[in-house]
Amino acid sequence: MKRFLAAAALAVFSVAAVAQDAATQWQAGKNYFVIDPPLPTQTGDKIEVTEVFSYGCPACNFAHTYVDTLRKHLPANAQMDFVPASFNKAEDWVVFQRAYLTAKALGIAEKTHDAMFDAVWKTGELAIYDASNRIKSPLPTIEDVAKFYAKYGVKADQFVATANSFTINTRMKQADAFVKAAGVDQTPTIVVNGKYRLTTVSAGGSWEKAEQLVLFLVNKESSAK
């Protein structure tokens, strides 16, 4: 009996030690940043993990497979979300922001997300740089983007009409407001449940560490609930 109690006490101590190690490893103000006041979330009772990104961002293109992995590793009480940024207008981010929000409104964003990165950075279908690595002129338009999405069952004219609608214009303003309120000044940036902001750099320089930090913050929010 004494051995059992000793083993149980050791197990509790070990769990507490692991939690303490995690809390020591990840420091607010260094590895992640508190958003005050917290931003509203869109995922109901689930913990929201949001990537602020752009299809025109080379770092986001590098990261998107890691983000896919992170999404798969989230616990059942967490959900991935995406907010497109527009602050780099020189690289067509405004058009790509409009494109993502339109695809989301039409219900095809999830199945086209990775393919959009490929269209910009692999196939060149929606490339923003020419063969000399200079910004293209003209850059892809929303009509060009609509032709890409037409391969996924949405007519190009329907896509353009939706893209230019009051609803999408409003959602673009909401996305910009989220980016500003969260203090996002680079992409990709991860926001956890509207409360915490981090990047791979703040997490220690890799997506593996960023994933560990995201899961730590998700667990922190789970415990708070």
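Coordinate-derived values only; no laboratory data. In this text the structure is predicted, and so the values were computed from the model without any measurement. No Cβ is skipped: glycine too gets one built from the backbone with ideal geometry, and neighbour counts run over all protein chains shown.
Quick one: L213, L198, fewest Cβ neighbours within 10 Å first, how do they rank?
Details: L213 24, L198 20.
Ascending Cβ contact count within 10 Å gives the list L198, L213.
Want the number for K30 to N77: 0.36 nm per residue separation, take away the alpha-carbon distance, what's left?
Here the segment from K30 to N77 would lengthen by 14.3 nm.
For T50, T65, which order do you get if you count the other beta carbons within 10 Å of each Cβ and list the fewest first? Before the final figure, lay out the partial values.
Working: T50 24, T65 12.
The order, fewest Cβ neighbours first, is T65, T50.
Quick check: residue separation of E143 and D157 times 0.36 nm, minus the Cα distance between them. What number comes out in nm? The partial results should precede the final answer.
Numbers: separation 14, 0.36 × 14 = 5.04 nm, distance 0.83 nm.
Result for the pair: 4.2 nm of gain on full extension.
List the relative contact order of the chain as a percent without decimals, with contacts defined as Cα pairs under 8 Å and 6+ residues apart. Display every interim value, and only then the final one.
Numbers: 270 pairs, mean separation 65.9, N = 225.
It rounds to 29 percent for the chain.
Along segment 114-131, what does the Karplus equation 6.51 cos²θ - 1.76 cosθ + 1.60 (θ = phi - 60°) give for ³J(HN,Hα), rounded to whole Hz, x for Gly and Pro?
Karplus values, whole Hz, x for Gly and Pro: 5, 5, 5, 4, 5, 5, 7, 10, 10, 6, x, 4, 10, 4, 10, 10, 8, 5.
Can you compute the helix-only [θ] at 222 nm over the chain? Use -39500 (n - 2.57) per DSSP H run of at least 4 residues, normalise by all residues, nearest 500 deg cm²/dmol.
Values: 9 runs with 120 residues, N = 225.
Only helices count here, giving -17000 deg cm²/dmol.
Of all DSSP beta bridges located in segment 29-224, what percent are antiparallel, nearest 5? The partial results should precede the final answer.
On the way: 10 of 17 bridges.
Rounded to the nearest five, the antiparallel share is 60 percent.
Let me check against my output: what whole-number percent is the relative contact order of segment 32-129, with C-alpha pairs under 8 Å and at least 6 apart? All intermediate terms of the calculation are to be shown ahead of the outcome.
Values: 88 pairs, mean separation 26.3, N = 98.
Across segment 32-129, relative contact order equals 27 percent.
Which whole-angstrom value gives the distance between the alpha carbon centres of segment 97-113 and segment 63-96?
What the calculation gives is 12 Å, centre to centre.
Work out from phi, with θ = phi - 60° and the Karplus expression 6.51 cos²θ - 1.76 cosθ + 1.60, the ³J(HN,Hα) of each residue of segment 170-183, listed in order in whole Hz, and give x for Gly and Pro.
5, 5, 5, 5, 5, 5, 4, 5, 4, 4, 5, 5, 7, x
What is the set of long-range amide H partners of A78 at a cut-off below 5 Å, with H atoms built 1.01 Å from backbone N?
Hits under the 5 Å cutoff: I47.
How would you classify segment 162-212 from its alpha-carbon gyration tensor, with a ≥ b ≥ c the square roots of the eigenvalues: rounded for a/c under 1.5, else prolate if a/b is greater than b/c, otherwise oblate? Mind showing how you got there, number by number?
Values: a/c = 3.19, a/b = 2.55, b/c = 1.25.
Judged from the Cα gyration tensor, segment 162-212 comes out prolate (a/c at least 1.5, a/b above b/c).
Quick check: net charge around D36, other residues with Cβ under 13 Å of its Cβ, Lys/Arg +1 and Asp/Glu -1? Show your work: numbers first, answer last.
Details: positive: K195, R197; negative: none.
Net local charge, D36 excluded: +2.
Rounded to two decimals, what is Rg over Rh for the chain when you use alpha-carbon atoms and the Kirkwood radius?
On the way: Rg = 20.4 Å, Rh = 19.1 Å.
Checking Rg against Rh, the ratio lands at 1.07.
Please report I142, I128, I190 as a ranked list, fewest other C-beta atoms within 10 angstrom at the top and most at the bottom. Don't skip to the answer; put the middle values down first.
Values: I142 17, I128 21, I190 27.
Fewest-to-most ranking of I142, I128, I190: I142, I128, I190.
Nearest 10 degrees is fine. How inclined is helix 93-105 to the longest principal axis of the chain, computing both from alpha carbons?
80
To the nearest 20 debye, what is the magnitude of the charge dipole of the chain about its Cα centre, counting +1 on the Cβ of each Lys and Arg and -1 on the Cβ of each Asp and Glu? Walk me through the intermediate numbers first.
Details: 24 positive and 22 negative charges, 100 e Å.
It comes to approximately 480 debye.
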